[in-house]
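Let me begin by presenting the structure, written as structure tokens, before commenting on it.
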Amino acid sequence: TQTSQFEENIITTEQVAQHNTRESCWIIVHGKVYDVTEFLPEHPGGSRIILKYAGKDATAEYDPIHPPDAITENLPPSKHLGVVDPASVEEKVTEMTEEEKQVAQRHQSKPPLSECLSLHDIETVARYVMADKAWMYYSSGADDEMTMRENHNAYHRIWFRPRILRDVTEVKFDTKILGHSTQMPLYITATALGKLGHPDGELNLTRSAAKNGIIQMIPTLASCSFDDIRGAATPDQVQFLQLYVNKNREVTERIVRRAEKSGIKGLFVTVDAPQLGRREKDMRMKFDDVGSKEQAESGENVDRSQGAARAISSFIDPSLNWNDLKWIFSITKMPIILKGVQCWQDAVMAAKSGCAGVVLSNHGGRQLDFAPSGIEILPEVMAALKHANVDSSSFEVYVDGGVRRASDILKAVALGAKAVGIGRPFIYAYSAYGEAGVNRAMDILRDEFEMCMRLLGARSLDEVTPEMVNAANLTNVDIPRDYLFHSNYERLNGLHGKID
Ligand code: PPY
């Protein structure tokens, strides 16, 4: 078989080192040798980044940004040359880079997890400990980051109308999402490149989701492979899949069929990213990464303004349109949800087209700056769906972006959302504290839910109704300002003076 031939072919690192040019480019990934010469122009991240590793071991660069099977999926077997001769591998004591040392030191001096009392606290620690590249990729928003800040600030314009003197001894806040039980009205939404923050990447989320009875949406661009993430789930654990539709529809069809076969319970098609937004913090990091200034001026034809995230987005099909939905319905029986709906007209169209729901989302403020926050358009979406006679039991509305508190979630539920998606807070949690951080974030939210439900006078989510909130000022958008936790917020013990 192909594999056994491949395994028999032993290649030394000296041999690999000779193929270090554009004309003949071999690289080593996970101890295997690949000829990527012909693949260079097709690499979604550009040829330059591969050429940096021509003739060398690229595993360390490859790992956080590719699922393990990306290379075998994309290179024909004839380009899988063999395995590296272990005797030829120089035992290098891998020197930690200056940044790695600093990150390790900051992990030593971070506060104990028990000192984190809110999701904001966890985010503060993540910002403190994380390597710049990871922090900038996760935290960045598009352009002036107005939408990103608005996402959370919009929740501040909704106030409660609590009820008193109800027996709130027992409060429950479990519900169902697409018919599947969840312990809280939230799910872990998809975020890309999970290993930038922690070596176990998305598996931290899978494990915590299992322990906490929460549903995880698996990203198309996870760092861990789909099979690894499914493999880490418990037998009954419900997972959804987020989907970027590929220009090559066969790739998408394969992903969708594999997902359905493996038991994925819902397909969330991302519709707000025909092109990736400009996240300047991230772009700036990648700019330094692609090589020296001299290289840049040497005339190689690389668009350095893009940044790697934008470059690798070239597989996403900008021609995707409403007519393609029929095709998606034809290849799967999984419920289809559109993720990234930003006005009521599109929500109504999604319902009329046969979708099972929509996520009112602006992609965490990473796409169109000045797109409204999901929570802000929720009331008009609910009103329009009602007007269009859409049955709320067969069409669910979710909101994501800026959710940091159970009180935020209850505001969304009061206004008609079935659940909310939470992304960044959970990846910050594992970047700072591993799986324990995610578990802590879940504990905090549970605790906040219990308190908020009692103080609101609601014993179950059915009792969290539109009358329980005053959203009259919701659409009075203020220029996003910094709030308490950005300026005079008392930082965690131990962080004073270390970050501004
Ligand atoms: C994002 O960064 O917001 C994403 O959705 C992930 C992504 C990353 C790189 C290319 C395309 C999408």
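Worth a mention:
- Label-to-label distance, nm, for residues given as R166 and S393 (7 Å Cα→Cβ offset): 2.2
- A straight chain from A383 to A17 at 0.36 nm per residue would run longer than the Cα-Cα distance by 125.3 nm.
- Pairwise label distance in nanometres, D236 with N321, each label 7 Å out on the Cα-Cβ vector: 4.6
- Subtracting the Cα-Cα distance of N74 and R257 from their residue separation scaled by 0.36 nm leaves 64.1 nm.
- A Stokes-Einstein calculation at 10 °C with viscosity 1.306 mPa s, built on the Kirkwood radius of the chain over Cα pairs, returns a diffusion coefficient of 66 µm²/s.
- Probe 1.4 Å, protein heavy atoms only - accessible area per residue of the chain in square angstrom: 47
- Within the chain, the selection of entire DSSP H helices by a Cα span of 27 Å or greater along the long axis and an average Kyte-Doolittle value of at least -0.5 returns 435-456.
- Summed side-chain charge close to E99 - residues other than E99 whose Cβ falls under 9 Å, Lys, Arg +1, Asp, Glu -1: -1
- Bridgeable lysines around K411 (alpha carbons under 28 Å apart, same-chain partners fewer than 8 residues away excluded): K172, K176, K211, K265, K339, K352, K386.
- Annotation note: chymotrypsin sites (Phe, Trp or Tyr not before Pro) in segment 342-397 located in DSSP loop regions with a Cβ neighbour count of at most 16 within 10 Å are F370.
- Estimated [θ] at 222 nm from DSSP helical runs (n ≥ 4, -39500 (n - 2.57)) normalised by residues in the chain, nearest 500: -10500 deg cm²/dmol
- Those trypsin sites (Lys or Arg not before Pro) in segment 125-209 that DSSP places in a loop and that have at most 16 other beta carbons within 10 Å: R163, R166, K172
- Share of carbon and sulfur in the accessible heavy-atom surface of the chain [1.4 Å probe, %]: 52
- Simple label model, 7 Å out from Cα along Cβ direction - D462 to W159, nm: 3.1
- Overall Cα dimensions of segment 76-139 - principal axes, largest extent first, Å: 53, 31, 20
- Computed from the Cβ-Cβ distance with R0 of 45 Å, the FRET efficiency linking R249 to H107 stands at 0.55.
The values are calculated or read from the model by the stated rules, or taken from the named source; none is laboratory data. Note that the coordinates shown come from a computational prediction; the quantities given were computed from them, not determined experimentally. A quick note on method: Cβ atoms are made from the backbone with ideal geometry, for glycine too, and the neighbour counts reach across all protein chains shown. Ligands, DNA and RNA are excluded from the accessible area calculation, which covers all protein heavy atoms including side chains. Shrake-Rupley method; radii C 1.70, N 1.55, O 1.52, S 1.80 Å.
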